[in-house]
Amino acid sequence: MLEHRESKPLLFGRMVHISIVSAQKTALLLAWDTETMVNSQDINPFHKLASVAISIILALSVFHPATLRACSYLTINGSDGWYPYFYRTDDQAKGLALEFAMAATKPTRIPVTLGDGGIPLKRLLLQLESGSLDILAGATHSLQRAKAFHFSPPVSEINLKVFTRNNAAFRFNSMRDLLQKRGAKILGMNLGDEANTFAHQNLVIDETISVYSLFKMLEVGRVDYIIMPEYAGVKFIKDNQLTSRVAMLEGTFSAINVHIALSKNSVCQTALATMMNTFPKLRASESFERIKQRYLSPSLLAPLSSTKQDHAL
């Protein structure tokens, strides 16, 4: 059963979790103060050692996240607007990645709580890294992210495409065609390991927190192009009647797999391990094929032909 809870307790848990290293340092200082006090009273050395150990244990136990939230429920969220993998309509979360992740939680027999909408991708990644978020429904793999997250087998593959203004379209065959231009992408968006390296070394790419602001930057001329997942970009253009002003260029910036990401710092490691064991069997099931057919219809990528009068964002 998918429930919705306020995100404040999760944020508090994340803050405390992030402060564990600081707490450890505090514990050591506390232990040092205790030892100094014991030395001044000239007590038996065994008592000194015991006092130091007790101080460390008490300080660490106070700040350990497991004391704040036992694994009584799993938290899940996704990046809004990443159609068709995770998105919200009428405050209802939907998407291929969400359904796949939810199906994998069933063997855990633990309730699942949906996080608040409108949280930027970068913040979701920080929550996942800290353990205040257990499951990110829809994430791309990178060597850096693999240090902090467990990844499911690929749920799907996405093409990252280049979008530009119709009146400023250009030929795009490879990333080198962007060398003299300014682009933009969503803050925290992973382009793939090779593309990340090339972009970092050679391209000028601004970042923003929402799809709306990304297309607005393009529309007003602040950037020459934007990078978006193909399905999500096409849907935004159609929904906002931008087909006469925004074009998706031929060619693909990069192709990258979509996964479910699980926190390595969650207090629910046993449940997440169960999910990891479930993913391969679920991915090979007929039910997953039905989910894919429902969300990855070829009609979603129909040509960008305008049927209504376009308007400005």
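Numbers at a glance
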| read-out | value |
| --- | --- |
| Normalised convex hull volume, segment 169-253, alpha-carbon set, Å³ per residue | 93 Å³ |
| For segment 145-237, accessible area per residue (1.4 Å probe, heavy atoms of protein chains only), Å² | 45 Å² |
| R0 of 45 Å, Cβ-Cβ distance Asn166-Asn257: FRET efficiency to nearest 0.05 | 0.90 |
| Neighbour net charge for Arg145 - beta-carbon separation under 13 angstrom, K R +1, D E -1 | +1 |
| Segment 117-189, relative contact order [Cα under 8 Å, separation at least 6], % | 45 percent |
| Whole-percent carbon and sulfur share, accessible surface of segment 79-136, 1.4 Å | 46 percent |
| Inter-label distance for Ser142 and Thr89, nm, one decimal - labels placed 7 Å from Cα along Cα-to-Cβ | 3.1 nm |
| By average C-beta atoms within 10 angstrom, highest first, the peptides 78-90, 132-144 | 132-144, 78-90 |
| Charge dipole magnitude, Cβ of K and R +1, D and E -1 - segment 208-279, Cα centre, debye nearest 20 | 180 debye |
| Simple spin-label estimate for Lys264 and Asp239 in nanometres, 7 Å along Cα-Cβ | 3.4 nm |
| Set of segment 82-112 residues, backbone N closer than 16 Å to the point 7 Å along the Cα-Cβ line of Leu296 | 83-86, 95-101 |
| Computed over segment 111-181, Cα set: Rg, Dmax in Å | 17.1, 51 |
| Calculated FRET efficiency for the pair Cys71/Asn202, C-beta based, R₀ 35 Å, to 0.05 | 0.20 |
| Inter-label distance, nm, simple model (7 Å from Cα along the C-beta direction), Asn159/Arg182 | 2.9 nm |
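The values are calculated or read from the model by the stated rules, or taken from the named source; none is laboratory data. Predicted, not measured: the structure shown is a model, and the values here were computed from it. For neighbour counting, all protein chains shown are included, and Cβ atoms are generated from backbone atoms with ideal geometry for every residue, glycine included. Ligands, DNA and RNA are stripped out before the accessible areas are found, and what is left, the full protein with its side chains, is counted by its heavy atoms. Shrake-Rupley method; radii C 1.70, N 1.55, O 1.52, S 1.80 Å.
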